[in-house]
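Read the figures in this text as sums done on the coordinates, not as results from a lab. Worth saying up front: this structure is predicted, and the values here are computed from it rather than measured. Cβ placement follows ideal geometry from the backbone for every residue including glycine, while neighbour counts extend to all protein chains displayed.
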Amino acid sequence: MTATAHKGKLAQMRQRWSDMPKQVRWAGLAALVAFFYILPNRWFYEYLGFPIGSEYFAFYTTRSDFAAVLFDTAVFVLLAVGLNVVVGFTGLLDLGYFGFYAVGAYTVALLTSPASRLELTWPWLAAVPVAIVVTMISGVILGTPTLRLRGDYLAIVTLGFAEMIRLYAARNDGLLQGQRGIPEVQHPPGPMVDGKPLFGVVDSKPYYWLILTVIIVIIFAMRNLE
């Protein structure tokens with residue numbers, strides 16, 4: 001199938017979806033969201049696959065924690081949604097977008113981990129807004145001298161920013177503690193029914209559900225902005 005024919009098929013599918021009654025589209029979206037929320041449960045995903053002869057090919061990773069795989073995938077999806085705003089909506093070739101992700105992540109680690117060089121133990125909920133503000137400030141600092149750049153020039157500047165963050169974090173054994181990173185970062189709050197922390201270090205499902213909820217909220221916000 002050529003690229004033109006493939007685009008034509010996608011356009012037809014979009015048109016069919018748009019022609020459906022609103023109630024049907026909402027029901028389909030609700031079913032899809034429910035599927036993603038149920039997906040990390042082993043009693044559900046272990047039956048996802050298809051038989052070929054005497055072999056059964058699973059849709060999930062049989063040798064790893066599928067919930068952890070889903071969480072890592074959801075992180076990349078969230079980053080892709082944000083990158084689509086910069087590159088897709090505004091047309092800016094920003095190759096340093098993920099450097100801001102690192103700035104926010106390290107800010108939370110520095111403020112909440114007892115093993116950080118700042119020797120602070122802020123609550124997770126208090127550190128996240130500060131990380132957002134610090135990331136915004138870093139964006140303003142980078143964006144102010146580069147507002148008039150376009151194309152390859154903007155790509156070079158933003159790529160240099162991301163590389164500076166990566167190299168400093170990996171090679172400097174100072175504030176960000178080099179390759180070892182910053183351990184013991186605080187978890188989001190919330191207890192389970194038995195009183196144990198909801199966001200522990202063993203089960204990845206609560207983290208996946210949290211980030212999936214954030215993705216859904218941001219997608220709706222982006223649709224309204226669009």
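Tabulated data
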read-out	value
Dipole in debye (nearest 20) - region 1-89, about Cα centre, beta carbon charges: Lys, Arg +1; Asp, Glu -1	460
Distance from region 67-144 to region 30-47 (C-alpha centre basis), Å	28
Point-charge dipole on Cβ atoms (K/R +1, D/E -1) for the chain, about Cα centre, debye to 20	660
FRET efficiency for ALA68 and ALA31, using Cβ-Cβ distance with R0 set to 22 Å, rounded to 0.05	0.30
Charge dipole (the chain, unit charges on Cβ, about Cα centre) - positive-most of ALA170, SER113, GLY91	GLY91
Phi-based couplings in Hz for region 207-221 (Karplus 6.51, -1.76, 1.60; Gly and Pro marked x)	5, 5, 5, 5, 6, 5, 4, 4, 4, 4, 4, 5, 4, 5, 5
Net lengthening on full extension, LEU118/GLN179 (0.36 nm per residue, minus Cα-Cα)	20.2 nm
Coil-residue trypsin sites (Lys or Arg not before Pro) of region 1-79, DSSP, other Cβ within 10 Å capped at 15	ARG63
Cleavage-rule hits (GluC sites (Glu not before Pro)) in region 11-119: DSSP loop, at most 15 neighbouring Cβ within 10 angstrom	GLU46, GLU119
Contour minus Cα-Cα distance for ARG150 and ILE137 (0.36 nm per residue)	2.6 nm
Phi to ³J(HN,Hα) by Karplus 6.51 cos²θ - 1.76 cosθ + 1.60 over region 23-31, Hz, x for Gly, Pro	5, 5, 5, 5, 5, x, 5, 5, 5
